[in-house]
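Only one structure is covered here, and it is reproduced in the block below.
The values are calculated or read from the model by the stated rules, or taken from the named source; none is laboratory data. What you see is a predicted model; the values in this text were computed from it and never measured. Virtual Cβ from ideal backbone geometry, glycine too; neighbours counted across all protein chains shown.
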Amino acid sequence: MIAAVLGGMFGALADTWATAALVAGLFAAPVGAGVAALKRPWPPLAALAGSIGLFVGIKRQRKLQIFLPPLFAAAFAALGAAIGWGPNRRGAVLWRLLDVDWLLGLAVALAVPLILLAVQRERWRRAKLEGRTPEMDDEDLKRKIAEGQPDYERAARELESGGESDGGGGTLPQSE
């Protein structure tokens, strides 16, 4: 699970596979731990749960990419606050963060507004895309063509004049 998070953070894996690997780890770790606690062979069941996690991670990748970053941001912010402000030589600044319940409460308190913000941002993005009409796309295309028109006219004049100054004719500008 830690490798999946680090791989996703540093871009070592593609977006879809990083999400799928993370979900696979989230599925496999509790199953493996639960079976190991019962003193049974845990690798086959953990592999099965991991493969189910891979499927879920790939299938639901778009939705998970909305929820996972705020969750991990909240968890790491709470952990960073506990490490940074909890213990020190003069005493703990935020001594309550040394208690697991308070730390989890802080993570949840941070996760709720971050998730709401991520969901709202996604809704705004979708509304913006749905608000675009074909006429707007045509206007963008017309504007782009109008911006490149002087280059095309200059290149056409060079071709008509024979291009003696270039030593063999002008070239048309390449489209993007």
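Numbers below:
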{"quantity": "Helices (runs of 4 or more DSSP H) fully within region 1-110 counting 1 or more residues that are modelled with pLDDT of 75 or more and surrounded by fewer than 16 Cβ atoms within 10 Å (Cβ to Cβ)", "calculated": "15-37, 43-59, 61-85"}
{"quantity": "Residue match in region 120-137 (condition: over 23 Å from the mean Cα position of the chain (by Cα), outside any loop (DSSP other than H, G, I, E, B), exposed (fewer than 10 other Cβ atoms within 10 Å of the Cβ) and at pLDDT 85 or above)", "calculated": "no"}
{"quantity": "Test result for E147, at pLDDT 85 or above and over 30 Å from Q65 (Cα atoms)", "calculated": "yes"}
{"quantity": "Within region 59-83, tally of residues that are within 14 Å of A109 (Cβ to Cβ) and in contact (Cβ under 8 Å) with a residue 40 or more places away in the chain", "calculated": "4"}
